[in-house]
Amino acid sequence: MPSSSSPCSQLTAPTHALPAPFDSASCTLITQGAEALLYRTSFLSHSSTSSSSAGNCALKHRPSKPYRHAVLDKRLTRARILAEARVLVRCRREGVPVPAVLGLDWEEGWVALEWVEGVTVRRGVDEFVDKGRGEEGEEGLEDRKKEREATLRDLMIRIGRAVGRLHAIDVVHGDLTTSNLMLRPPSSSSGVVRQSGSTSPDASVPITTLAGDIVLIDFGLAAQNALDEDKAVDLYVLERAFGSTHPYAEKFLDSMLAGYGDSYKGARVVLRRLEDVRMRGRKKSMLG
Amino acid sequence: MPIAIGLEGSANKLGVGIIHQPTPFTPSVNNPTPPPSPPSKSSHASPPARILANLRHTYVSPPGSGFLPKDTAQHHRRWVVRLVKQAMKQAGVTVEDVDCICFTKGPGMGAPLQSVAVAARMLSLLWDKELVGVNHCVGHIEMGREITGAQNPVVLYVSGGNTQIIAYSAQRYRIFGEALDIAIGNCLDRFARTLRISNDPAPGYNIEQLAKRGRHLLDLPYAVKGMDVSFSGILASVDVLAGQLGSLRADSGDVVTPEDLCFSLQETVFAMLVEITERAMAHVGAAQVLIVGGVGCNERLQHMMAVMAAERGGSVFATDERFCIDNGIMIAHAGLLAWRMGFRTELEGSTCTQRFRTDEVLINWRD
């Protein structure tokens, strides 16, 4: 498949052929989940010939699953591609920061999305905090520590607001983790194009700032017409994700919830519901 | 050479098993003080366990009905002494050879569990042997690992009462996903009641045979949420379709048969199970799957799982009905593993419980 320098070299070569009009020469595998393969490629543009850019498009391919009945497989692939695209289109129309849908084919099982520049919040926060640790012992430590904390708090507020804008239109994400939040640099159209994606391990440039817009990605488990309960569970999942992947950032969660609480009219009610959801902890005791 | 007898009766099967785990094993570093036998079994270093006896007697209810707790408990009480005697005879062991009495503490149906716990207590007092209360789910997992040799698989545990996706981490069997309402086996059993299919040898087995002759796939709800699944809505839908049998036609115009309904139900619910298993494998980075529990006998499920695993470059491990379906040997095996680490259940604490999560048990015999 792709050249050895691509991020794909870390992954096993995909066994699934790419659907037309895409081909392996123009697509770079970014990540492989249980459901879908994510490639970076070009779509309706000529940038594939340019060496500076790897493409403007994130191609999400849901290959058919040979273990299930062909009729069921078609039905599920179609329903999931359409559901994801519909949610994204609606979010876009309502001004929620998500990638645009460029095109799709439910028969072939793909959807082409706008490529989002930047890094995942997961990587951004990790590197930012690591860098902070490296500075320990230097002069002006207290001031810098305060500065770093303020930067993290500011990021958490922006995350809360982004989730709030999503919930304001009664959409829930369904899988809010820090890997599904992108940090898009302030002027990403110009400037350096950075390799992106949660799995991209080539940390060419260390993260020194957490500036940028929060963009929500991967709406494979999203749902519309969400109730307060669903929104509270969405927040609970995000809290837990922070707790397990960024324990040091956990103390700033109140900033995330504060940003969320001010973001739309019904937010306070959802925050109260969140307290109930937290109390439940593990959701059910097993039945014999 | 420790020998344990295991008593299982959490549902409609009464099982008595006698197991022998050979002694030479590598001592564990983490657990220095387990009395009285040598410590630990390092998962792959020890020689395989020997099954001395594995007997089962099943309470079968008439077609159209399920097994009720009261009748099932009565069945277990009626058969337990006979089965223990027979197992001891078949194993060729004497009372002196037995080191501990293992019994299912839960989860399961209350009344049947209690009947078997009383029997275990009686044996403990009569023979002056120590008791070990065992988690039924852990019994399935450990027996599956022992029989198949799977090292560190993602476990799909599917039975009449349980539907769980499990992976081992830090001395616990952690539940990654589960059924949010009824268990997969319960869904199949109840549909068998709707169609008034025989419960002998098992309703799920008879559905599987009918499904082999099904030709049309009908639309049923598909309820996967992350790594969790839900079956009650599917059961309600297929029940409605069953009520329309005779007048119902497939897209092709053919009359829909009960076989088509069994086929559609199996294809839908098994696709859900394989999907969440694949998600769990991707999540923890595992290549092996182990299927345990009564529904794990289903060859269509095993086949679908094998296709999925092959696509991921992995493999599937499954056992046959002797070990998939509830049995006493798995309780003896898991109980003896715990006993060798020093775990005991006092007579006063030898209760049972309908709710007993898989992740509550400390798995200190694994690294």
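A short reminder: the numbers here are calculations on the coordinates, not readings from a lab. As the structure is a prediction and not an experimental result, all values here were calculated from the model. Here the Cβ is made from the backbone with ideal geometry for all residues, glycine too, and neighbour counts use every protein chain on show.
Would you tally the net charge around B:ILE165, using a Cβ to Cβ cut-off of less than 11 Å, leaving B:ILE165 out, and scoring K and R as +1, D and E as -1? Don't jump to the answer; show the numbers that get you there.
Values: positive: B:ARG174, B:ARG279; negative: B:GLU178, B:ASP228, B:GLU275, B:GLU278.
Combined, the nearby Lys, Arg, Asp and Glu give -2.
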Loop-resident trypsin sites (Lys or Arg not before Pro) in the stretch A:218-270 with no more than 11 other Cβ atoms inside 10 Å, DSSP not H/G/I/E/B, are A:LYS265
Starting from a Cα-only point model with no solvent, please compute log10 I(q)/I(0) by Debye for the stretch B:150-321 at q = 0.13, 0.17, 0.19 1/Å. -0.61, -1.00, -1.20
Over chain B, calculate the relative contact order: mean separation of alpha carbon pairs under 8 Å at least 6 apart, over the residue count, as a percent. 27
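Average partner chain C-beta neighbours within 10 Å, per residue of A:59-70?
Values: counts 0, 0, 0, 0, 1, 0, 8, 5, 14, 11, 9, 1.
Per-residue shielding by partner chains comes out at 4.
Taking the Cβ-Cβ separation of A:ALA25 and B:THR23 as r and a Förster radius of 56 Å, what is the calculated FRET efficiency to the nearest 0.05?
Efficiency at R0 = 56 Å is approximately 0.35.
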Rg over Rh, two decimals, chain B (C-alpha only, Kirkwood Rh): 0.99
The relative contact order of the stretch B:150-321, taking Cα pairs under 8 Å that sit 6 or more residues apart, comes to a percentage of 27
Between the stretch B:297-354 and the stretch B:202-241, the Cα center-to-center distance that results, in Å: 24
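Would you please calculate the Kirkwood hydrodynamic radius of the stretch B:97-143 over all C-alpha pairs and express it in Å, rounded to one decimal? Display every interim value, and only then the final one.
Working: mean 1/r = 0.0897 Å⁻¹.
For the stretch B:97-143, inverting the mean 1/r across all distinct Cα pairs yields 11.1 Å.
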Long-range HN-HN contacts of A:GLY118 with modeled amide H, under 5 Å: A:ARG194
Quick check on the exposure proxy: order B:LEU14, B:LEU125 from fewest to most C-beta atoms within 10 angstrom. B:LEU125, B:LEU14
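Arrange the following residues from fewest to most other Cβ atoms within 10 Å of their Cβ: A:HIS16, B:HIS140. Kindly include the intermediate steps, with their values, before the conclusion.
Details: A:HIS16 13, B:HIS140 33.
With the fewest neighbours first, A:HIS16, B:HIS140 line up as A:HIS16, B:HIS140.
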Taking all pairs of different Cα atoms in the stretch A:61-117, averaging 1/r and flipping that mean, what Kirkwood radius in angstroms comes out? 12.1
With θ set to phi - 60° and the Karplus curve 6.51 cos²θ - 1.76 cosθ + 1.60, what are the ³J(HN,Hα) couplings of the stretch B:89-95 in order, to the nearest whole Hz, using x for Gly and Pro? 5, 5, 6, x, 10, 9, 4
B:ARG172, A:ARG122 arranged by Cβ crowding within 10 Å, fewest neighbours leading: B:ARG172, A:ARG122
What are the extents of the Cα atoms of the stretch B:164-254 along their three principal axes, listed from largest to smallest and rounded to whole Å? 55, 30, 20
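Return the equivalent ellipsoid semi-axes of the stretch B:214-299 as a descending list in whole Å, where each equals the square root of 5 times an eigenvalue of the C-alpha gyration tensor. Mind dumping the intermediate values first?
Working: eigenvalues 173, 34, 25 Å².
Equivalent-ellipsoid dimensions as semi-axes: 29, 13, 11 Å.
Please report, in debye to the nearest 20, how large the charge dipole of the stretch B:150-321 is about its Cα centre when each Lys and Arg carries +1 at its beta carbon and each Asp and Glu carries -1 there.
On the way: 13 positive and 19 negative charges, 51 e Å.
Using Cβ point charges on Lys, Arg, Asp and Glu, the stretch B:150-321 gives about 240 debye.
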Listed residues B:PRO63, B:PHE103, B:LEU248: farthest to the positive end of the dipole of the protein assembly as shown (Cβ charges): B:PRO63
Report the FRET efficiency, 1/(1 + (r/R0)^6), for B:VAL255 and B:HIS283, where r is their Cβ-Cβ distance and R0 is 35 Å, rounded to 0.05. 0.20
Taking 1 over the mean of 1/r across every pair of different Cα atoms in the protein assembly as shown, what Kirkwood radius in Å do you get? 27.4
Per-residue HN-Hα couplings for the stretch B:313-318 [Karplus 6.51, -1.76, 1.60; θ = phi - 60°; Hz; x = Gly/Pro]: x, x, 8, 10, 10, 9
Provide the descending list of Cα extents for the stretch B:118-204 along its principal axes, expressed in whole angstroms. 49, 36, 25
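Just how large is the dipole of chain B about the Cα centre, in debye to the nearest 20, putting +1 at every Lys and Arg Cβ and -1 at every Asp and Glu Cβ?
Numbers: 33 positive and 34 negative charges, 144 e Å.
My answer is approximately 700 debye.
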Percent antiparallel among DSSP beta bridges (both partners in the protein assembly as shown, rounded to 5): 75
Rounded to whole Hz and in sequence order, give me ³J(HN,Hα) for the stretch A:261-267 from the Karplus expression 6.51 cos²θ - 1.76 cosθ + 1.60, θ = phi - 60°, writing x for Gly and Pro. x, 8, 8, 7, 5, x, 4
Amide H proximity to A:THR31 below 5 Å, modelled H, separation 5+ or other chain, gives A:LEU38
